[in-house]
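First the structure, in the form of structure tokens, and then the observations on it.
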2 protein chains.
Amino acid sequence: MSKQPPHPALLIPGPIEFDDAVLDAMSHYSESHVGQPFVNTFSEVLAMLRKLFQTTDPASQPIVLSGSGTLGWDQVAANLVEPGEEALVLHTGYFADSFADCFETYGVKATQLKAPIGERPQLDEIEEALKEKKYKVLTVTHVDTSTGVLSELKALSELVHKVSPETLVVVDGVCSVGCEEIRFDDWGLDVVLTASQKAIGCPAGLSILMVSGRAIEVFKARKTRPTSYFGSWKNWLPIMQNYEAKKPSYFATPSPQLIHALHTSLSQILSRPLEQRFADHRATSQKIKKAITELGLKQLASKPENQANGMTAIYLPEGITPPQVLPSLMKKGVIFAGGLHKEIATKYVRFGHMGVSVTDPRRSDIDTAIEALKEGLIEVGYKKA
Amino acid sequence: MSKQPPHPALLIPGPIEFDDAVLDAMSHYSESHVGQPFVNTFSEVLAMLRKLFQTTDPASQPIVLSGSGTLGWDQVAANLVEPGEEALVLHTGYFADSFADCFETYGVKATQLKAPIGERPQLDEIEEALKEKKYKVLTVTHVDTSTGVLSELKALSELVHKVSPETLVVVDGVCSVGCEEIRFDDWGLDVVLTASQKAIGCPAGLSILMVSGRAIEVFKARKTRPTSYFGSWKNWLPIMQNYEAKKPSYFATPSPQLIHALHTSLSQILSRPLEQRFADHRATSQKIKKAITELGLKQLASKPENQANGMTAIYLPEGITPPQVLPSLMKKGVIFAGGLHKEIATKYVRFGHMGVSVTDPRRSDIDTAIEALKEGLIEVGYKKA
Ligand SMILES: Cc1ncc(COP(=O)(O)O)c(C=O)c1O
Ligand SMILES: Cc1ncc(COP(=O)(O)O)c(C=O)c1O
């Protein structure tokens, strides 16, 4: 089995550090995409995704395509909304702007409901917006990776179902699936889209979705055909259903190696109760946030209840910029990410704490990173007030 | 370094068998998609693709996205053609029907020019079609993987440039790039699209394109915005240009592991003269085709000049079907593919001979397969007439 060579700990909010066994699965020998062994592996992956998303409703459908998180937006815009229809996009950072841009590409009108940086739109504002107009879908970024702001899904979904029962609830879970609790059935979600390279702990290259039976009905009732070919559910739903039933079929060639790696990472995740996994991420996040506060630093996410558990966006001290502090961290074997939110990109850094860096007791990534941040800031001239 | 465990030789027309070093690269430790080491790797991949496609024109642009061959069709339909415009699709099998369907998805009218099974449309018919109507693009499947029919690109491209100089020449090279000669500049091609898992010899998961400067001008002159988001060149061209210039940038997360594997396979391919690689594929193909003829079997591709060099589609003897012969081959350690062309799917099998199975002298895949086919057919009752 492969032992990874020494390398800096990748603690950006995705891609994350991967387990040896997951990386080993990436080098699986070549298999036919329509051969029974691979089809069985794909089937098990889909079954495991149902568990990860906590859905037991047979009408819901997991989808895994070669691509990345972004392709999930295309799938939503091309399959669930028809040109001319409207989407309400809740904005907590960079990724909502992009999702809105994706909708516009498909001729869908996207209205953004924005909160100040570090905040999230409030339920009463959302209620008001939903009452003003008929939206086919509402989208929410569960964790916006540019700000570390966590959205509240349960109350939001309840509100949408109450105020605008036909509106589909679409969650961008790229930076949350695998580290934040998501109860697909209980919370009445319609789509949760994600990618492989964050808290799921599998290399980048996959677009992963869970779609509700209700959303599939909406898709089937379309008056126009889907406006994507590679991302068309008309093309993919039968294939996913066949895979899950262990029947070979073909629309476009999946990546057997990535599917094997996903199989390994999902098996690892599901080998423990999910609740424990989420609790681990919360505990590590608390520890990090405490250390940051003790350092005299502030987070972008303004309140404990809107702070993500898999990443932290940290304002740098006045006068210190990412290009100063990141190389100093790198020398200590730690990679953080710079800022991404356009208005304040030079003022903050992002620390990802998802997956094996959090859950594997043999790894000391997080402690190393906290120490490195402390020392790195001092090196570039920071003195705590 | 990983040694692959014993497994049947995958001799379908993709995915193919992969080299150990390529599979090792798949398990590369995690890197930031915007970190300098990975950006340098991506840059080198793009430079190597220019060599593989034999283009030195700085205006042409290689593109590598997470996805698969099919996503190349979406990129063409969404970026080069505007809704209401027309495409002429040369048909030599299954994959032209799908490409045409992709065009229709994007509101582009696709006219197919079909040849009988095993044949390809003739130049005079193509000339006539081009004179009848203004086509924005003409597409040709270099090798149709459902029939093993090879198209002739050079004369075709010359004809298009002569008869309809504004029509872009788009080549589906999914089953040809890496095993059939392609001279992008010399032949005046505008797009060649392919995937990683065939003759390029890298696991599935990538959509790979070479686009001419002329095609990029046509793209830039669009009146409407591209009709895909994930596949939009507006989003990706700056990123690819940055990668090639070794500048970090982000639109959607690429797969560092797949890019490393592609880097390894391209380095291997380019370590020898390309001409020699194509000659190897031709020689092996001749050997296989001779053995098949000696067995008393016929190919779908009717004439030597339209027979692919990386695969062979073989009619089974009367009364013998793929479900009889494929398991018998499998017992002998060889995987072939069944038929794919709807009208005759139960009458033939497909034998892929691309990449390391052809070029690595330490491997005996091809001889094993020829023997297995001979014995397997006898086992299921075949007696040569
Ligand atoms: C919240 C969120 N949504 C969407 C995306 C896009 O995913 P990808 O980069 O895998 O295409 C990202 C990427 O980081 C993300 O963090
Ligand atoms: C000629 C041709 N075009 C397109 C495709 C589609 O590529 P993919 O299956 O990688 O999406 C294939 C797949 O085999 C092919 O052989």
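Evaluate the following for A:SER212: is it within 13 Å of another protein chain (Cβ to nearest Cβ), of a type outside the set (Phe, Trp, Tyr) and more than 19 Å from A:THR147 (Cβ to Cβ)? Against the criterion (within 13 Å of another protein chain (Cβ to nearest Cβ), of a type outside the set (Phe, Trp, Tyr) and more than 19 Å from A:THR147 (Cβ to Cβ)), A:SER212 does not qualify. Criterion applied to B:VAL76, B:VAL89 was being in a helix (DSSP H, G or I) and buried (at least 21 other Cβ atoms within 10 Å of the Cβ), and the one residue passing it is B:VAL76. Condition check: at the interface with another protein chain (Cβ under 9 Å from one of its Cβ atoms) and open to solvent by less than 10 Å² (accessible area, probe 1.4 Å). Does A:SER30 satisfy that? Spelling it out, A:SER30 is indeed at the interface with another protein chain (Cβ under 9 Å from one of its Cβ atoms) and open to solvent by less than 10 Å² (accessible area, probe 1.4 Å).
Within the stretch B:1-18, the residues that satisfy the criterion of being more than 7 Å from every other protein chain (Cβ to nearest Cβ) and at pLDDT below 95 are B:MET1, B:LYS3. For B:MET210, the conditions (1) within 21 Å of the chain's Cα centre (by Cα); (2) part of a helix (DSSP H, G or I) all hold with the exception of (2).
Checked against (1) open to solvent by less than 10 Å² (accessible area, probe 1.4 Å); (2) away from chain A (no Cβ under 12 Å), B:PRO203 passes all but condition (2). Before we move on, is A:GLY333 outside the structural domain of A:GLY148 (by TED's automatic domain parsing), under 22 Å from the mean Cα position of the chain (by Cα) and in contact (Cβ under 8 Å) with a residue 24 or more places away in the chain? Here the answer is no, as A:GLY333 does not meet what is asked.
Residue-by-condition table, conditions (1) within 14 Å of chain A (Cβ to nearest Cβ); (2) of a type outside the set (D, E, K, R); (3) closer than 22 Å to A:LYS198 by Cα:
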site	(1), (2), (3)
B:TYR229	yes, yes, yes
B:SER232	yes, yes, no
B:PRO256	yes, yes, yes
B:SER267	no, yes, no
B:SER271	no, yes, no
B:SER285	no, yes, no
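Candidates B:VAL39, B:VAL45, B:VAL108: the one that is within 16 Å of B:VAL170 (Cα to Cα) and more than 10 Å from chain A (Cβ to nearest Cβ) is B:VAL108.
Within the stretch A:156-176, being of a type in the set (A, V, I, L, M, F, W, C) and over 22 Å from A:VAL81 (Cβ atoms) holds for one residue alone: A:CYS175. Return yes or no: is A:ARG120 part of a helix (DSSP H, G or I), assigned by TED's automatic domain parsing to the domain that holds A:GLN197, open to solvent by 10 Å² or more (accessible area, probe 1.4 Å) and away from ligand 2 (no atom under 16 Å from the Cβ)? For A:ARG120, the condition - part of a helix (DSSP H, G or I), assigned by TED's automatic domain parsing to the domain that holds A:GLN197, open to solvent by 10 Å² or more (accessible area, probe 1.4 Å) and away from ligand 2 (no atom under 16 Å from the Cβ) - is not met. Counting the residues of the stretch B:62-84 that are away from chain A (no Cβ under 13 Å) and under 16 Å from B:LEU258 (Cβ atoms) gives 2.
Looking at the structure I just gave you, is B:LYS198 within 29 Å of A:SER228 (Cβ to Cβ), away from ligand 1 (no atom under 16 Å from the Cβ) and surrounded by fewer than 24 Cβ atoms within 10 Å (Cβ to Cβ)? Quick ask: steps written out before the conclusion?
On the way: within 29 Å of A:SER228 (Cβ to Cβ): yes; away from ligand 1 (no atom under 16 Å from the Cβ): yes; surrounded by fewer than 24 Cβ atoms within 10 Å (Cβ to Cβ): no.
When the stated conditions are applied, B:LYS198 does not pass them.
Being open to solvent by 50 Å² or more (accessible area, probe 1.4 Å) and out of contact with any helix residue (DSSP H, G or I) (no Cβ under 8 Å at 6 or more places or on another chain) is the filter here, so list the residues in the stretch B:1-19 that pass it. Once the filter is applied, which keeps residues that are open to solvent by 50 Å² or more (accessible area, probe 1.4 Å) and out of contact with any helix residue (DSSP H, G or I) (no Cβ under 8 Å at 6 or more places or on another chain), the stretch B:1-19 yields B:PRO5, B:PRO6. Taking the criterion of being over 13 Å from B:LEU90 (Cβ atoms) and among the hydroxyl-bearing types (Ser, Thr, Tyr), the only residue of the stretch B:148-172 that qualifies is B:SER164. Within the set A:GLU343, A:GLU294, the sole residue that is touching a residue at least 24 places away in the same chain (Cβ under 8 Å) and open to solvent by 20 Å² or more (accessible area, probe 1.4 Å) turns out to be A:GLU343.
It is to be established whether one or more residues within the stretch A:228-240 are of a type in the set (Val, Ile, Thr) and either part of a loop (DSSP other than H, G, I, E, B) or within 16 Å of ligand 1 (Cβ to nearest atom) (or both). No: the stretch A:228-240 contains no residue that is of a type in the set (Val, Ile, Thr) and either part of a loop (DSSP other than H, G, I, E, B) or within 16 Å of ligand 1 (Cβ to nearest atom) (or both). Evaluation of A:GLY188 against the conditions (1) surrounded by fewer than 24 Cβ atoms within 10 Å (Cβ to Cβ); (2) at negative phi shows that the sole unmet condition is (2). Close Cβ contacts (under 8 Å, 6 or more residues apart or on different chains) running from residues in the stretch B:166-187 that are assigned by TED's automatic domain parsing to the domain that holds B:PHE351 and closer than 20 Å to B:THR56 by Cβ to residues that are within 16 Å of ligand 2 (Cβ to nearest atom) and assigned to a loop (DSSP other than H, G, I, E, B) are absent.
Condition check ((1) within 16 Å of ligand 2 (Cβ to nearest atom); (2) under 23 Å from B:HIS33 (Cα atoms); (3) in contact with a Gly (Cβ under 6 Å, 6 or more places away or on another chain)) across all residues:
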| position | (1), (2), (3) |
| --- | --- |
| A:THR167 | no, no, no |
| A:VAL170 | no, no, no |
| A:ARG183 | no, no, no |
| A:LEU189 | no, no, no |
| A:VAL192 | no, no, yes |
| A:LEU206 | yes, yes, no |
| A:THR227 | no, no, no |
| A:PRO238 | yes, no, no |
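Within the stretch A:258-272, residues that are at positive phi reach no partner that is open to solvent by 50 Å² or more (accessible area, probe 1.4 Å) with beta carbons closer than 7 Å at six or more positions or on different chains.
Here are some residues: B:ALA25, B:ALA59, B:ALA21. Which one is assigned to a helix (DSSP H, G or I) and more than 9 Å from chain A (Cβ to nearest Cβ)? If you could, list the steps in order and put the result at the bottom.
Working: B:ALA25 fails: more than 9 Å from chain A (Cβ to nearest Cβ); B:ALA59 fails: assigned to a helix (DSSP H, G or I).
Unique residue meeting the criteria: B:ALA21.
Being open to solvent by 10 Å² or more (accessible area, probe 1.4 Å) and part of a loop (DSSP other than H, G, I, E, B) is true for just one of A:VAL174, A:VAL218. Which residue is that? Before the answer, list the steps.
Working: A:VAL218 fails: part of a loop (DSSP other than H, G, I, E, B).
Residue meeting the stated conditions: A:VAL174.
The values are calculated or read from the model by the stated rules, or taken from the named source; none is laboratory data. Model, not experiment: these values are computed from the prediction. Reconstructed Cβ throughout: ideal geometry from the backbone, glycine too, with neighbour counts over all protein chains shown. Note: areas computed on protein heavy atoms with side chains; ligands, DNA, RNA excluded. Shrake-Rupley method; radii C 1.70, N 1.55, O 1.52, S 1.80 Å.
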